[in-house]
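The values are calculated or read from the model by the stated rules, or taken from the named source; none is laboratory data. Values in this document were obtained by computation on a predicted structure and should not be read as measured data. So basically every Cβ, Gly included, is an ideal-geometry build from the backbone, and we count neighbours across all protein chains shown. Accessible surface is based on the protein model in full, side chains and every heavy atom, while ligands, DNA and RNA are left aside. Shrake-Rupley method; radii C 1.70, N 1.55, O 1.52, S 1.80 Å.
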Amino acid sequence: MRALSHSFLIVFTALALTACDAEPTVNRIPMDVADVPNIHHPTAQHFTSGKPAKSDLVKLKEQGVTAVINLLTDADMGNDDEATWAQELNLDYYRVPVAGGADLTRDNVAEFDRLLALTANETVLLHCSSSNRVGAMMALRAAWHHNANTEDALAIGREYGLKDLQTHVEKLLNE
């Protein structure tokens, strides 16, 4: 019995150590970026987060991120020069400022959809302050540009961080 429990312990330890070395999977946050604000990994090609610091962009680049789509406004950005940071890191950088519900327009969502199509073969960081605006834009994009029904669009939005803007997004989807 003692040999059996010893063998089990060896096998369990080996499996646990192997799992630690595994490549990150969707919805699993790589340890190296776990401290990025509000980080999520909803698809293999997309990370979402809150406002990243330059050091966060460095860590995300090490995880394969090659492009950034920023939804922050000038007021949200403050003195941070994220465009310069991205350029220094050789990351493609795009921005669609979305202040809140009033900026969830068909034009902004169309531009967001265009940027996602442009970066379709890249690993992309999509961010705002908390991922709420990212989720809202993804939900509206799913419905308005990819024919998702309301329930599916909202589910996509929640995967990407939709929270406080959900009621507003529901209203837009039902217009």
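Points to keep in mind about this one:
- Residues of segment 145-175 that turn out to be in a helix (DSSP H, G or I), open to solvent by 20 Å² or more (accessible area, probe 1.4 Å) and not polar (S, T, N, Q), as a count: 13
- Qualifying position, being closer than 24 Å to Ala139 by Cα and modelled with pLDDT under 95, among Pro97, Pro30, Pro37: Pro37
- Restricting segment 97-119 to residues that are open to solvent by 60 Å² or more (accessible area, probe 1.4 Å) and assigned to a loop (DSSP other than H, G, I, E, B), the residue that is nearest to Asn70 (Cα to Cα) is Pro97.
- For Ala142: the one exception among (1) within 17 Å of Pro42 (Cβ to Cβ); (2) surrounded by fewer than 18 Cβ atoms within 10 Å (Cβ to Cβ): (2)
- A count restricted to segment 64-88 and to residues that are in a loop (DSSP other than H, G, I, E, B) and buried (at least 17 other Cβ atoms within 10 Å of the Cβ) stands at 2.
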